[in-house]
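Structure, as structure tokens:
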Amino acid sequence: MKVEINIPETMSEVTLGQYQKFLKIQENNTDERFLQIKMIEIFCNVPSEYVLNMRLSDTNEIVSMLNELFSDKQKLIQRTKIGGKEYGFIPKLEDISLGEYIDLDTYLGNWDNMHLAMQVLYRPIKNKYGERYSIEDYKASDGLHMKDITLDCVMGSILFFYHLGTDLSKAILNSSQAEKESLIVRYLNSEASGVGINQYTHSLSVMLQDLNISLN
């Protein structure tokens, strides 16, 4: 039985759904060899029975390549395509609604619900104006379509919010011009939203320590 193995080279070749599936398996298992099999099966789309017949040296090499892939740092990706439709990252965070904020604050710190957080952040593009664009209004749903978003978008947005949180903290501590900061700074540090932002900034800090899938 010959099976072609396509090893993803970047996070743009891995979906959020695949990553969530593996994390769930990893959460409930400690057997290193079993996790190696599942890693290759899920991310390379190879049946587990075929993985079992591969040379040990080959499986170790593939796992090493995948671990290196997941250690890459990602920049924020503004636009992406999901199911042939173009989606855009929410262009004006200062205009985020209370409902959007609550859902984002609720889901962003939990990998099981990350597709629901992505549903807030990435929405179908309605109109384009050069590099600028507008997106559809937020409508909460099961968000299952967002499981097809690529992992580079997910990791980029997580790192964006993490760095946004740390940069805001530094600005508040070191600047006497806090009132002249952008609307985002004032919004995120208002009494109404401060508690939630602190909570999910902490959650993101914890998540970032666990971004690497390591079986070494």
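Kindly list the number of the only condition in (1) under 30 Å from Arg132 (Cα atoms); (2) out of contact with any Gly (no Cβ under 8 Å at 6 or more places or on another chain); (3) of a type in the set (A, V, I, L, M, F, W, C) that fails for Phe22.
(1)
Checking the conditions here, which among Val46, Val63 is in contact (Cβ under 8 Å) with a residue 40 or more places away in the chain and in contact with a Leu (Cβ under 8 Å, 6 or more places away or on another chain)? Lay out the reasoning, then the answer.
On the way: Val46 fails: in contact with a Leu (Cβ under 8 Å, 6 or more places away or on another chain).
Answer to the selection: Val63.
Within the set of pairs 6+ apart or on separate chains, which have a first residue in segment 98-124 that is closer than 23 Å to Gly83 by Cα, a second that is among the small types (Gly, Ala, Ser) and at pLDDT 95 or above, and C-beta atoms under 7 Å apart?
Taking only residues 6 or more apart or on different chains, the pairs are Tyr122/Gly88; Arg123/Gly88.
Quick one: which helices (runs of 4 or more DSSP H) sit completely within segment 25-121 and have at least 2 residues that are crowded, with 18+ Cβ neighbours inside 10 Å?
It comes to 32-44, 56-70, 98-107, 114-121.
The values are calculated or read from the model by the stated rules, or taken from the named source; none is laboratory data. Keep in mind that this is a model prediction, so the values were computed, not measured. All Cβ positions, even for glycine, are placed from backbone atoms using ideal geometry, and neighbour counts span all protein chains on display.
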